[in-house]
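Okay, so here's the structure we're looking at.
The values are calculated or read from the model by the stated rules, or taken from the named source; none is laboratory data. The model shown is predicted, which means the values in this text are computed figures rather than measured ones. In this analysis, Cβ positions are derived from the backbone assuming ideal geometry, glycine residues included, and neighbour counts consider all displayed protein chains. Side chains included, ligands, DNA and RNA excluded: accessible areas come from the protein's heavy atoms. Shrake-Rupley method; radii C 1.70, N 1.55, O 1.52, S 1.80 Å.
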Amino acid sequence: MNGADLLVAALENEGVKQIFGVPGEENLDIVEALRRSSIKLVLTRHEQAAAFMAATQGRLTGEPGVCLSTLGPGALNLTTGAAYAQLGAMPMVMITGQKGILSRKQARFQVVDVVSTMTPLTKMADQIVSPATIPSIVREAFRVAQQERRGPVHLELPEDIAAEETPEIPPVPPHPIAQPVAHPAALDRAAGLILQAERPLVMLGAAASRPHLAEALSDFVNRLQIPFFNTQMGKGAVAGGSGLYMGTAALTERDYVHDAIDRADLIISVGHDTVEKPPFLMGPDGPRVLHVGYLPATVEEVYFPHAELIGDVGPTLALLADRLEGKLPRAGALLPLREQILGRIGDRAEESRYPLTPQRIVRDVRQVMPEDGIVCLDNGMYKIWFARNYRTRVANTVLLDNALATMGAGLPSAMMAAMLCPTRRVLAVCGDGGFMMNSQELETAARLELNLVVLIVQDNAFGMIRWKQATDGFPDFGLTFGNPDFVAYAKAYGVKGSRVESADGLAPTLEAAFAGGGVHLVTVPIDYSENMRVLVDELRAHASKSGERS
Ligand SMILES: Cc1ncc(C[n+]2csc(CCOP(=O)(O)OP(=O)(O)O)c2C)c(N)n1
Ligand SMILES: [Mg+2]
């Protein structure tokens, strides 16, 4: 038995079923140990995709996903994924190789200080210096990754430690993580605040999307009948159909949902994580904010709650509801605004313009996706439209990244969702910019025989930045590009490809792609003139009208 065998035994002990990555020669002992283990090695075509997939596994299951790379260049390719998991609070374990540390037979070839590089991007980064420490260090890594606030950890296994003969050492048994609930005195104080509120509103933030929380959050909202909105990453946290959904804060201010936010006198902010682009701005005159979370709120210029309720969110909210159920006659004070907010957002969803409007694309995707279908977004302008307009009824059915907001994660995150949920429809939505950042993973998706549809919204530009450039008054410059023929590109990977050629063509093309099974690429041209018309002109006019009224 050697160090690599001990590492793999420790991973099996954690229940790891698969590892994503690209091995290098420094990992060969690990690869050999994996070959003889119950763990599957899933090769990706870039380490970044491996990290995005592992992080998404952690996000969707609560159990850390694991990825593997070699030293230097491979490890550096994991860094964007590390930051994605760190900002997005996704549990993940990254294992990288290194040259031997007991002798330097290749001098400094390929050696960079990976542990130092990973330190600011992770919750823990450590080099393994002897086989004897492997069982405990692996257990600690998984504990740290999984414990709130969740995130990535990094272990470096140098090749000589991996190869070192060692007696068998039993793994450390995992123990369940016991999360405390809020103190009764804090619960009483919070209940007092809510009882006093004239116009309360619940906000569901990123941590509300933890996989085990859906039921507890739905119970809380339904028991108290307080209307709610969500941040982008809190989307879908409450199972829908409650009639209490007021919208998603895809923009920071001035959107229709802010009509309700601005009128609220108390916001019960559940699981908000300030890594997200602010869903609203706190100021001296705004509503009071009660922060409910696993951890205290970080104080920011734009977020400084007046009161806190810290502890395991589900049981804490149940205790809060016990104190308040049936005692809130003003719970629904803001509900009359709901119809107008949602009505305005649905505007132009039926337009038959070609190229398609973003609203139409969102509507047609919603039509084709069953309630439990999962939409995974890359980063681009369409993300704002999906966050704003796409209605969810099941938790974690829109996976988007409003934390690192990196391009390139859409396809790998959808691949992971498809692996975890093989019977559900999974759709990746990518811009033509973001798709091309990890498009090589089409080969991985085809090799894994996933059922997955990838929708590319095509504007031949880095559309979001081009829009920002225009709204800031700069001339149109430097943000357009050419594209490959995406249908031919798909074919080259042995996957199917279709082009949407009319406004009415999107829904049937997607439907046929899902019905056909396998990996299918669909490309649709998008008309981004709506960005300026709605998100700037219309909302500005609305804000000045609201200003006049108040
Ligand atoms: C890795 C990375 N590089 C750059 C950016 C900055 N950025 C945000 S959106 C965007 C444009 C995205 O273009 P595309 O994927 O085509 O989507 P579109 O906005 O055109 O729909 C860019 C460059 C980023 N978020 N991530
Ligand atoms: Mg684009």
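A few remarks follow.
- Every pair of residues 6+ apart whose Cβ atoms lie under 8 Å, when the first sits in the range 146-163 and is more than 20 Å from Gly205 (Cβ to Cβ) while the second is open to solvent by 40 Å² or more (accessible area, probe 1.4 Å) and among the hydroxyl-bearing types (Ser, Thr, Tyr): Asp160/Ser103
Residues checked against (1) surrounded by fewer than 24 Cβ atoms within 10 Å (Cβ to Cβ); (2) more than 30 Å from Lys545 (Cβ to Cβ); (3) over 23 Å from the mean Cα position of the chain (by Cα):
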site	(1), (2), (3)
Gly192	yes, yes, yes
Ala197	yes, no, yes
Ala208	no, yes, no
Pro211	yes, yes, no
Asp219	yes, yes, yes
Asp265	yes, no, yes
Glu276	yes, no, no
Gly283	yes, no, yes
His291	no, yes, no
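Yes/no per residue for (1) within 16 Å of ligand 1 (Cβ to nearest atom); (2) open to solvent by 10 Å² or more (accessible area, probe 1.4 Å):
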| site | (1), (2) |
| --- | --- |
| Leu320 | no, no |
| Glu351 | no, yes |
| Pro355 | yes, yes |
| Lys383 | yes, yes |
| Val394 | no, yes |
| Thr397 | no, no |
| Ala405 | yes, yes |
| Leu411 | yes, no |
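- Boolean, Val429 is touching a residue at least 40 places away in the same chain (Cβ under 8 Å) and of a type outside the set (Gly, Ala, Ser): yes
- When residues in the range 60-111 are screened for being within 18 Å of Asp160 (Cβ to Cβ) and open to solvent by 10 Å² or more (accessible area, probe 1.4 Å), 15 of them pass.
- Taking the range 65-147 as the region of interest, the helices (runs of 4 or more DSSP H) fully inside it that hold 2 or more residues being hydroxyl-bearing (Ser, Thr, Tyr) and at negative phi are 79-88, 114-118.
To keep it simple, each residue is scored yes or no on (1) away from ligand 1 (no atom under 13 Å from the Cβ); (2) touching a helix residue (DSSP H, G or I) at 6+ places or on another chain (Cβ under 8 Å).
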| residue | (1), (2) |
| --- | --- |
| Ala470 | no, yes |
| Asp476 | yes, yes |
| Ala492 | yes, no |
| Lys496 | yes, yes |
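- In summary, helices (runs of 4 or more DSSP H) completely within the range 313-401 and bearing 2 or more residues that are closer than 30 Å to Ser546 by Cα occur at 338-345, 358-368, 381-389.
- Test result for Glu443, part of a helix (DSSP H, G or I), surrounded by fewer than 24 Cβ atoms within 10 Å (Cβ to Cβ) and more than 10 Å from ligand 1 (Cβ to nearest atom): yes
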